[in-house]
Amino acid sequence: MVGPTSRIPPRRRLGGPILAVGWAVLRRPLLWPEALRQVRAAASASYRGLRSVTAYGDPDRPPTGADVVAWLRWARSFRRDCARNM
């Protein structure tokens, strides 16, 4: 990131990405049930670090709203597919 915010430590910039992710999910009510199911997994710092490394190659990079929405859609469809195949 270029500009004045690039000098702010990542912890201080975290509010922006969290708000962006929250807004992205709030705008999609069909994903709310899946978001509530996934909160427990996403609350683990080690899981978030693993997801950031596998997605971005950087354990400290916060996810974007679009990435979280895509993940929730995938999780919802995966759950449905598993339920159909049982």
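Please treat every number below as a calculation from the coordinates, not as lab data. Note that the coordinates shown come from a computational prediction; the quantities given were computed from them, not determined experimentally. Don't worry about glycine lacking a Cβ; one is built from the backbone with ideal geometry, like all the others, and counts go over all protein chains shown.
Table for the structure above
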{"read-out": "Local electrostatic count, residue 80, Cβ distance below 13 Å [Lys/Arg +1, Asp/Glu -1]", "value": "+3"}
{"read-out": "Label-to-label distance, nm, for residues given as residue 43 and residue 67 (7 Å Cα→Cβ offset)", "value": "2.2 nm"}
{"read-out": "Packing-based order for 68-74, 35-41, 48-54, using average beta carbon neighbours within 10 Å, highest first", "value": "68-74, 48-54, 35-41"}
{"read-out": "Stretchable slack from residue 85 to residue 26, in nm (0.36 nm times residue separation minus alpha-carbon distance)", "value": "18.2 nm"}
